[in-house]
Amino acid sequence: MVHWTAEEKQLITNLWGKVNVAECGSEALARLLIVYPWTQRFFSSFGNLSSPTAIIGNPKVRAHGKKVLTSFGEAVKNLDNIKATYAKLSELHCDKLHVDPENFRLLGDILVIVLAAHFGREFTPACQAAWQKLVRVVAHALSYKYH
Amino acid sequence: FSSRLFSSFPQTKTYFPHFDLSQGSAQLHGHGSKVLGAIGEAVKNIDNITGALATLSELHAYILRVDPVNFKLLSHCILCSVAAHFPNDFTPEVHAAWDKFLSQISSVLTEKYR
């Protein structure tokens, strides 16, 4: 089980309360697809991903980004039980979606960068450290059921 | 970016037992400037990063021997700092270019390791 200090929990939940999930989610997914173009391999049904502008404006990217980050919110709400929270999603990503878990780490780091861009100074080193831990734990939980 | 590195990835502190790593330390500030200076050299010689950082490459290979995984961690923290300081300039395209650029610098600095 992951141990969170009271400070870490506060840093995470306080920031989360200010996050615009739709906006940050779509931005994080768009940046993943732009910065690491090979990740587009999972989204051949999404239509036009031919340029950064196309990706950012793509409605399927926006919708999916929001979906992904909304799900991330479940981790924030269940910090003491992240593995169980993501058990079914882990099976899905392995058995149906066939996603290499490395992609969870890539997206997690991109999310941290998006938070840094949105919150600036408020995203202190301590705040970043708590969030790095969270994205690492979420990535681990999502890969836990892989076989 | 160094306080972000040491807070988020404490294992990186093992390379600096001889440093005062408290925030605001003169040593940290000086070293951070050195790192940024080298990045600046790479920017100026972007079509020949290998040449521009040749000495640094040898330093890292034979003397410092920093495990390659740490270059990714540092690059990530540099990107976070840049994003936090210049949110309007740090568009997805700029982000992609910088990620690629820092990745290239990391490759150059580790290419003589073996």
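Values in this text are rule-based calculations from the coordinates and carry no lab data. Since we're looking at a predicted model, the values are computed, not measured. Cβ coordinates were reconstructed from backbone atoms using ideal geometry, including for glycine residues, and neighbour counts include every protein chain displayed.
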inquiry  = From Cα pairs below 8 angstrom and at least 6 apart in sequence, can you work out the relative contact order of chain A, rounded to a whole percent?
reply    = 32
inquiry  = Taking the beta-carbon count within 10 Å as an exposure proxy, list A:GLU91, A:GLU27 from fewest neighbours to most.
reply    = A:GLU91, A:GLU27
request  = Take every Cα-Cα pair in chain A and report what % of them are more than 17 Å apart.
outcome  = 61
query = Once every DSSP H run of n ≥ 4 in chain B is given -39500 (n - 2.57) and the sum is divided by its residues, what mean residue ellipticity at 222 nm do you get, rounded to the nearest 500 deg cm²/dmol?
reply = -19500 deg cm²/dmol
ask   = What's the exposure ranking of A:TRP131, A:TRP16, going from fewest to most Cβ atoms within 10 Å?
value = A:TRP16, A:TRP131
message = For a Förster distance of 51 Å, can you work out the FRET efficiency between the beta-carbons of B:LYS44 and A:ASN20, rounded to the nearest 0.05?
response = 0.85
request  = Would you mind working out the magnitude of the charge dipole of the stretch A:1-109 relative to its Cα centre, with +1 at each Lys and Arg C-beta and -1 at each Asp and Glu C-beta, to the nearest 20 Debye?
outcome  = 340
key: Those lysines that a straight Cα-Cα span of less than 30 Å connects to A:LYS66, excepting residues fewer than 8 apart in one chain   = A:LYS9, A:LYS18, A:LYS77, A:LYS83, A:LYS88, A:LYS96, A:LYS133, A:LYS145, B:LYS72, B:LYS100
Average Cα contact separation per residue, chain B, under 8 Å, 6 or more apart, as relative contact order % = 35
note = Quick shape check on the stretch B:19-68: root eigenvalues a ≥ b ≥ c of the Cα gyration tensor, a/c under 1.5 is rounded, otherwise prolate if a/b tops b/c, else oblate, and it reads oblate
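Suppose R0 equals 45 Å; then what is the FRET efficiency for B:THR14 and B:ASP89 from their Cβ-Cβ distance, rounded to the nearest 0.05? Don't skip to the answer; put the middle values down first.
Numbers: r = 34 Å, r/R0 = 0.75.
The value I calculate is 0.85.
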query = Label A:ARG136 and B:HIS29 with points 7 Å out from Cα along Cα→Cβ: what is the distance between them in nm?
reply = 3.0
ask   = Label-point separation (nm) for A:SER45 and A:ASP95, each offset 7 Å from Cα along Cα-to-Cβ?
value = 1.8
Among A:ALA116, A:PHE46, A:ILE56 - extreme Cα towards positive end, dipole of chain A, charges at beta-carbon = A:PHE46
